[in-house]
Amino acid sequence: MKLVGKDLGGGIVLYKGVLSQIDWSVLYSFCEEQAEKERAEHYRPGKDPITGEDGFINRNGYFFPASSVDEMPMHLAHVQRDKRPEIKKIFDYCETVRDRLLWEDYLHKFPIAGKCIWWKIKGHVLRYPVGSYIGSHADVSTDYEYGKPHPTDQIATRTTVSTLGFFNNRVETEDELDGTNFMGGLLKFEYIDAEYSPERGDLLIFPANYMGAHGTTPVTAGIRYSHVGWYCHGSPNPKYREDVLDPNLEPDRVEGATNIYMTEKYNILPSSPAGWDS
């Protein structure tokens, strides 16, 4: 059966309940396990060199108060590397679903976007504890100002289409909290009159450029989990951390890789409207 999404405007399309075949208890347990592991890899206990305050030092040598580390959204970026069958099954399934929605529905709504997709960044998990939020941003953004050094990681500049899947429900009252859901964490789009209240199993596809600018309001109770991934364009540039594998040339490396070429043939772009070629 063909899945048809609801267009919320501005290229934002909602697909209801499409991530349904997931063992949620396995997923939640894995997310918490992965959060502890990645936090240990990214931060080490340390002191503020000026005030002596206890906190954490990240891999780049910057100090963070303990409270700010606990309240920042965490990218669980290495979920594709886990080889346990029950974990691999979940994230392979998420990739299959979002690829299918892209090819079978989204690009039929916005076919020109397909010419801008060469490769994809597999999805990973965003974990929002209480107090965490993300301000309005576009997924193509990099921190760059003229006259300052070019940022080392420029992979965001290649992003064309973004996807967000949702792994638990947003509720309105404390009475509804059950240990698997959360309060707050509303998704808002900056330049389009659209907002979304997360429901488990839903998925959004939308433009990664400034018109798709979005942010998440603070989570006020529970933990919010979402699945984020992108479809991208442009030749790889390892100098700026843009490494992309070709599954036809390196099939043995693709399973645990994050960035891989899309090998499907794109052929649904319609011909020019009558009179445009004259």
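Values for this structure:
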quantity: Extension gain from Lys83 to Glu174, taking 0.36 nm per residue of separation minus the Cα-Cα distance; calculated: 29.1 nm
quantity: Sites Thr220 and Tyr93 - FRET efficiency at Förster radius 22 Å, r taken between beta-carbons, to 0.05; calculated: 0.15
quantity: Principal axis dimensions, largest first and in whole angstrom, of the range 164-243 by Cα; calculated: 51, 27, 20
quantity: Interatomic Cα distance distribution for the range 1-88, bins of 10 angstrom, percent; calculated: 13, 29, 25, 22, 10, 1, 0
quantity: Estimated FRET transfer efficiency (Thr142, Ala257; beta-carbon r; R0 22 Å; 0.05); calculated: 0.50
quantity: Table column - 3J(HN,Hα) (Hz), the range 22-35, Karplus curve with 6.51, -1.76, 1.60, x for Gly and Pro; calculated: 10, 7, 5, 5, 5, 5, 4, 4, 5, 4, 5, 4, 5, 4
quantity: Value of Rg/Rh across the range 101-257 [Cα atoms, Kirkwood radius]; calculated: 1.00
quantity: Chymotrypsin sites (Phe, Trp or Tyr not before Pro) within the range 104-155, DSSP loop, no more than 14 other Cβ atoms inside 10 Å; calculated: Tyr144, Tyr146
quantity: FRET efficiency estimate (nearest 0.05) - Cβ-Cβ, Lys109 to His233, R0 22 angstrom; calculated: 0.75
quantity: Shape of the range 71-187, Cα gyration tensor, a/c cut at 1.5; calculated: oblate
quantity: Area of Asp7 that stays accessible when all protein chains are in place (1.4 Å probe, Å², to 10); calculated: 80 Å²
quantity: Cross-link reach list, lysines versus Lys83, counting only Cα pairs under 23 Å and skipping chain neighbours closer than eight places; calculated: Lys37, Lys120, Lys122
quantity: For the range 176-184, Karplus couplings with θ = phi - 60° (6.51, -1.76, 1.60), whole Hz, Gly/Pro x; calculated: 8, 5, 9, x, 10, 10, 7, 10, x
quantity: Gain in span if fully extended, Tyr62 to Glu195, counting 0.36 nm per residue against the direct Cα distance; calculated: 44.5 nm
quantity: Cα-based reach from Lys239 at 15 Å (exclusive), listing aspartates and glutamates while leaving out same-chain residues under 8 positions away; calculated: Asp153
quantity: Protein-only accessible surface order, largest first, of Arg224, Arg39 at 1.4 Å; calculated: Arg39, Arg224
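The values are calculated or read from the model by the stated rules, or taken from the named source; none is laboratory data. Note that the structure is a prediction, hence the values are computed from the model and not measured. No Cβ is skipped: glycine too gets one built from the backbone with ideal geometry, and neighbour counts run over all protein chains shown. Remember, those area values only see protein heavy atoms, side chains included, never the ligands or the DNA or RNA. Shrake-Rupley method; radii C 1.70, N 1.55, O 1.52, S 1.80 Å.
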